[in-house]
Amino acid sequence: MLVIGIAGGSGSGKTTVVKAITRQLNGRVVVIPQDSYYKDSSHLPMEERHKINFDHPDAIDWKLLCQQIRELKQGKTIEQPVYSYLTCSRSQTETVTVEPADVIIVEGILIFTCKELRDQMNIKIFVDADDDDRVVRIILRDIAERGRNIDTAVSHYCETVKPMHLQFIEPSKRYADIIVPQGGHNQVAIDIITTTVEQALHRKQ
């Protein structure tokens, strides 16, 4: 079993890269998104929940994420939490059952900031993209998926996303084994990564 970490700034194209790798490996992959592991805030009033900085490492339940990656590596099935950006809370009744697979992809903006999680990874990939491209994707996503309007989306980017990217995410690039420029549009890089993974799996057989 291989554990691959795919990090990069918000709007960099991580999800596109993950989907491309998953498609080329033809079902031998399970994806663990960092976004499922935000700490539960259902005990807080909604006004307080909306103040949570989701781009800061302290927002993530690293203990649970690292534990569940270890369990998958041991061949165990896990119950992945479900988190909603709209309610800013973790579901108390719903989970996603995840079975072990040949390849585990851990995906998220902050995953390289946690040493315990990095140490479980066999391959670390950082998806890079121009800031201008990321800003457009972030704002469109926030409006479409997270209940923001154009003013609040721009404000959120300037006050939270950009400073956290500079403080935590961009510096974590130094931990990457592979840096993918141009995000999910870099088919050459995706082909190289997929070939590398297939060779590694073959050596482990």
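When His43 is tested against the conditions (1) more than 24 Å from Arg174 (Cβ to Cβ); (2) part of a loop (DSSP other than H, G, I, E, B); (3) of a type outside the set (D, E, K, R); (4) modelled with pLDDT of 95 or more, the lone failure is (4).
When residues in the stretch 51-64 are screened for being part of a helix (DSSP H, G or I), open to solvent by less than 50 Å² (accessible area, probe 1.4 Å) and closer than 14 Å to Ile109 by Cα, 3 of them pass.
For the stretch 28-43, filtered to residues that are in contact (Cβ under 8 Å) with a residue 24 or more places away in the chain and farther than 14 Å from Tyr85 by Cβ, the residue that is most open to solvent (accessible area, probe 1.4 Å) is Arg28. Considering only residues in the stretch 170-205 that are under 27 Å from Arg134 (Cα atoms) and hydroxyl-bearing (Ser, Thr, Tyr), the one that is nearest to the chain's Cα centre (by Cα) turns out to be Ser172.
Listed here are the residues, each with its yes/no results for (1) touching a helix residue (DSSP H, G or I) at 6+ places or on another chain (Cβ under 8 Å); (2) farther than 30 Å from Gly27 by Cα; (3) modelled with pLDDT of 90 or more.
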residue: Met121; (1), (2), (3): no, no, yes
residue: Lys124; (1), (2), (3): yes, no, yes
residue: Asp128; (1), (2), (3): yes, no, yes
residue: Arg134; (1), (2), (3): no, no, no
residue: Ile139; (1), (2), (3): yes, yes, no
residue: His165; (1), (2), (3): no, yes, yes
residue: Asp177; (1), (2), (3): no, no, yes
residue: Ala200; (1), (2), (3): no, no, no
residue: Arg203; (1), (2), (3): no, no, no
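Candidates in the stretch 77-97 are the residues that are out of contact with any helix residue (DSSP H, G or I) (no Cβ under 7 Å at 6 or more places or on another chain) and aliphatic (A, V, I, L, M); of these, the one that is most open to solvent (accessible area, probe 1.4 Å) is Leu86.
Being open to solvent by 40 Å² or more (accessible area, probe 1.4 Å) and among the charged types (D, E, K, R) is true of Arg23.
Quick check, is Gln74 polar (S, T, N, Q) and within 21 Å of Ser172 (Cβ to Cβ)? Against the criterion (polar (S, T, N, Q) and within 21 Å of Ser172 (Cβ to Cβ)), Gln74 does not qualify.
Within the stretch 14-22, does at least one residue satisfy the condition of being among the polar types (S, T, N, Q), outside any helix (DSSP H, G or I) and over 28 Å from Thr93 (Cα atoms)? No, the stretch 14-22 has no match at all. Among the candidates Glu116, Glu145, the residue that is touching a Phe, Trp or Tyr at 6+ places or on another chain (Cβ under 8 Å), closer than 29 Å to Arg174 by Cβ and either among the small types (Gly, Ala, Ser) or open to solvent by 50 Å² or more (accessible area, probe 1.4 Å) (or both) is uniquely Glu116. Search the stretch 120-137 for residues being among the acidic types (Asp, Glu) and over 16 Å from the mean Cα position of the chain (by Cα), and hand back the single one that is surrounded by the fewest Cβ atoms within 10 Å (Cβ to Cβ). Top of the filtered list is Asp132. Every test in (1) open to solvent by 40 Å² or more (accessible area, probe 1.4 Å); (2) under 23 Å from Ile192 (Cβ atoms); (3) in a loop (DSSP other than H, G, I, E, B); (4) not aliphatic (A, V, I, L, M) is passed by Gly9 save one, and that test is (1). So is Ile69 crowded, with 18+ Cβ neighbours inside 10 Å, without any contact (Cβ under 8 Å) to a residue 24 or more places away in the chain and over 12 Å from the mean Cα position of the chain (by Cα) or not? No.
Within the set Gln187, Gln182, the sole residue that is open to solvent by 100 Å² or more (accessible area, probe 1.4 Å) and touching a residue at least 24 places away in the same chain (Cβ under 8 Å) turns out to be Gln182.
The values are calculated or read from the model by the stated rules, or taken from the named source; none is laboratory data. Predicted model, so just to flag it, every value in this text is computed and none were measured. All Cβ positions, even for glycine, are placed from backbone atoms using ideal geometry, and neighbour counts span all protein chains on display. The protein model used for the area step is the full one, side chains on, heavy atoms only, and it has no ligands, DNA or RNA in it. Shrake-Rupley method; radii C 1.70, N 1.55, O 1.52, S 1.80 Å.
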